[in-house]
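A.B. asks: Below is one structure. I have some questions about it.
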Amino acid sequence: AQSVTQLDSHVSVSEGTPVLLRCNYSSSYSPSLFWYVQHPNKGLQLLLKYTSAATLVKGINGFEAEFKKSETSFHLTKPSAHMSDAAEYFCVVSDGPDTGNQFYFGTGTSLTVIP
Amino acid sequence: GAVVSQHPSWVICKSGTSVKIECRSLDFQATTMFWYRQFPKQSLMLMATSNEGSKATYEQGVEKDKFLINHASLTLSTLTVTSAHPEDSSFYICSATFRTDQPQHFGDGTRLSIL
């Protein structure tokens, strides 16, 4: 079965310090992995995606994530948090055409940035 | 690019009325559109997947007669909540993709409040 586990429901960091949001997945296939961000009362915005190319993926707003197959992880990082980064973050796995490319969402991590 | 517009962003109506939510892909042809429901502080729950010109595929537990989905063109899908009741109050989000191995692009969501 395909699943995504976001290990922290809430993360709090000080402005200017690094951000680490953790995500582990399980998949029977070579997965595509995504991180999305959701600001209050808004839809989801794609931050970055991994689709079997480079294992270190750079996204928008200074975020990046590293795909580690041996650890089945796809953690999201940012060197220096900004106040505007405060939001809900979702890790998503998609298995591919055999399962209709369905998206499996993690439960989300709420990021708080302290001034 | 890849902009999805969802309308209305917020609707309040009386119990028993039907509400239609529109989801449009503005700059690409969406072969597949998805409808999600999100409860406060929770992740997205997939309700149904629709492909242009065919009937929507509903997830288990989602009443297809309650939540009518139409995907009549490559740029428009609609979700109609029929005879809405307070328990249908929620945040509904659509997404679209032009190819099933590509990321989903999300609308900004519709907050539905049934009195």
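A.B. asks: Would you mind putting B:30-40, A:9-19 in packing order, based on average other-beta-carbon counts within 10 Å, highest first?
C.D. replies: Ranked from most to least packed, the peptides come out as B:30-40, A:9-19.
A.B. asks: Can you return the lysines within cross-link range of A:Lys58? Criterion is Cα-Cα under 16 Å, with same-chain partners fewer than 8 residues away left out.
C.D. replies: Partners found: A:Lys49, A:Lys68, A:Lys78.
A.B. asks: Just the isolated ones, please: cysteines in the protein assembly as shown lacking another cysteine beta carbon under 4.7 angstrom.
C.D. replies: By the Cβ distance rule, which asks for a partner under 4.7 Å, the isolated cysteines are B:Cys13.
A.B. asks: Also, I was wondering about something else. Averaging sequence separations of C-alpha pairs under 8 Å and six or more residues apart, then dividing by the length of chain A, give the relative contact order as a whole percent.
C.D. replies: Rounded, it is 37 percent for chain A.
A.B. asks: Can you give the average number of partner chain beta-carbon atoms within 10 Å of each beta-carbon in peptide A:37-44, as a whole number?
C.D. replies: Working: counts 0, 6, 1, 0, 6, 7, 16, 12.
Average per residue, whole number: 6.
A.B. asks: Based on the Cβ-Cβ distance from A:Thr17 to B:Glu59, what FRET efficiency comes out when R0 is 45 Å, to the nearest 0.05?
C.D. replies: Plugging the Cβ-Cβ distance into 1/(1 + (r/R0)^6) gives 0.70.
A.B. asks: Under a crude label model (7 Å from the Cα following the beta-carbon direction), how far is B:Ile12 from A:Ser9 in nanometres?
C.D. replies: Going from the B:Ile12 label point to the A:Ser9 one covers 3.0 nm.
A.B. asks: Under unit Cβ charges (Lys, Arg +1; Asp, Glu -1), what dipole magnitude, rounded to 20 debye, does chain B have relative to its Cα centre?
C.D. replies: 160
A.B. asks: Would you mind computing, in nm to one decimal, how far apart the modelled labels at B:Asp101 and A:Thr72 are, each placed 7 Å from Cα along Cα→Cβ?
C.D. replies: Inter-label distance under the simple model: 2.4 nm.
A.B. asks: Just the number, please: carbon plus sulfur as a percent of the accessible area of segment A:13-95, 1.4 Å probe, no ligands or DNA/RNA counted. The partial results should precede the final answer.
C.D. replies: On the way: 1980 of 3790 Å².
Here carbon and sulfur together make up 52 percent of the probe-accessible area.
A.B. asks: If you average the C-alpha positions of segment B:88-115 and of segment A:1-63 separately, how far apart do those two centres end up, in angstrom?
C.D. replies: 19
The values are calculated or read from the model by the stated rules, or taken from the named source; none is laboratory data. Since the model is a prediction, treat every value here as computed from it, not as a measurement. Every residue, glycine among them, receives a Cβ derived from its backbone with ideal geometry; neighbour counts consider all protein chains shown. Heavy atoms of the whole protein, side chains included, go into the accessibility calculation; ligands, DNA and RNA do not. Shrake-Rupley method; radii C 1.70, N 1.55, O 1.52, S 1.80 Å.
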